[in-house]
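Every number here is computed from the coordinates shown, using simple stated rules; none is lab data. Values in this document were obtained by computation on a predicted structure and should not be read as measured data. Heads up, the Cβs are rebuilt from the backbone with ideal geometry, glycines too, and the neighbour counts pull from every protein chain shown.
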Amino acid sequence: MRAVRILAVVYFVFTAIGLLLWRASARTSPPIVEYAVPATPVDAPSAQLWFNDMRPNCTAEEVESRLELNPAPATDEGNGYTAVCWAIAGRTTEARALLDRLPTSFQRWAAGVVFGATHPAVDSGREAELAPVMELVVEYQPNNVMALYHAGSAAYGNGRSEAARDYLGRFLSAYGPEDGWADNARTMLEALQ
């Protein structure tokens, strides 16, 4: 009988220790929570949400019909994003018309969004195709050195010597580092002499 009591006490002690360890680990381990992260911040302005949804349709083939079906919010920011959509689609005349109607601060902001949306494509070899977009950016952000460089390089490649001199000269005046960008700009300017 004594052995049974000892076994019962040992069983009770091990069970109590196991239970205490289990509870301690449950308190220190963070709960496992799985959730989806929204593509756009929840507090993002409605014009930004509209643009995030519209951007895949900002193409030469779809932009006009899509903008008619789903216009941006009727705000300066909404008009700015609409101008960005037109510009990304290569429709710089429509983009410029909208940008001209915006307050100056929104013009610069929208031109920056246009630049950010198109700069990777320009760097990947579509400089000539996107030259009008870079020139549009320069109109509203005259000190955007990379837009100046790409507009100048595209003008040089398209045989527009005067425009190339202007853009590349302004680029070199504003750009600080002595690197490949500056070397390329100087090489193009020297070839135009």
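Quick test of your reading of the structure: A95 fulfils all but one of (1) more than 17 Å from the chain's Cα centre (by Cα); (2) free of Cβ contacts under 8 Å to residues at least 12 places away in the same chain. Name the failing condition by number.
So A95 meets the others, but not (2).
What number of residues within the range 114-134 satisfy the criterion of being within 23 Å of T75 (Cβ to Cβ), surrounded by fewer than 21 Cβ atoms within 10 Å (Cβ to Cβ) and aliphatic (A, V, I, L, M)?
Here the count works out to 1.
Collect the residues in the range 78-114 that are closer than 12 Å to R55 by Cα, touching a Ser or Thr at 6+ places or on another chain (Cβ under 7 Å) and either of a type in the set (S, T, Y) or part of a helix (DSSP H, G or I) (or both), keeping them in residue-number order.
Selection gives I88 alone.
From the residues in the range 65-77 that are in a helix (DSSP H, G or I) and free of Cβ contacts under 8 Å to residues at least 24 places away in the same chain, which one is nearest to D100 (Cα to Cα)?
L67
Quick check on the range 66-110: of everything there that is basic (K, R) and more than 16 Å from V137 (Cβ to Cβ), which residue is surrounded by the fewest Cβ atoms within 10 Å (Cβ to Cβ)?
Residue satisfying both the conditions and the ranking: R101.
Could you list all residues from the range 159-190 that are closer than 18 Å to E139 by Cα, touching a residue at least 12 places away in the same chain (Cβ under 8 Å), not charged (D, E, K, R) and not in a loop (DSSP other than H, G, I, E, B)?
Residues satisfying the conditions are A163, A164, Y167, L168, G169, F171, L172, A174.
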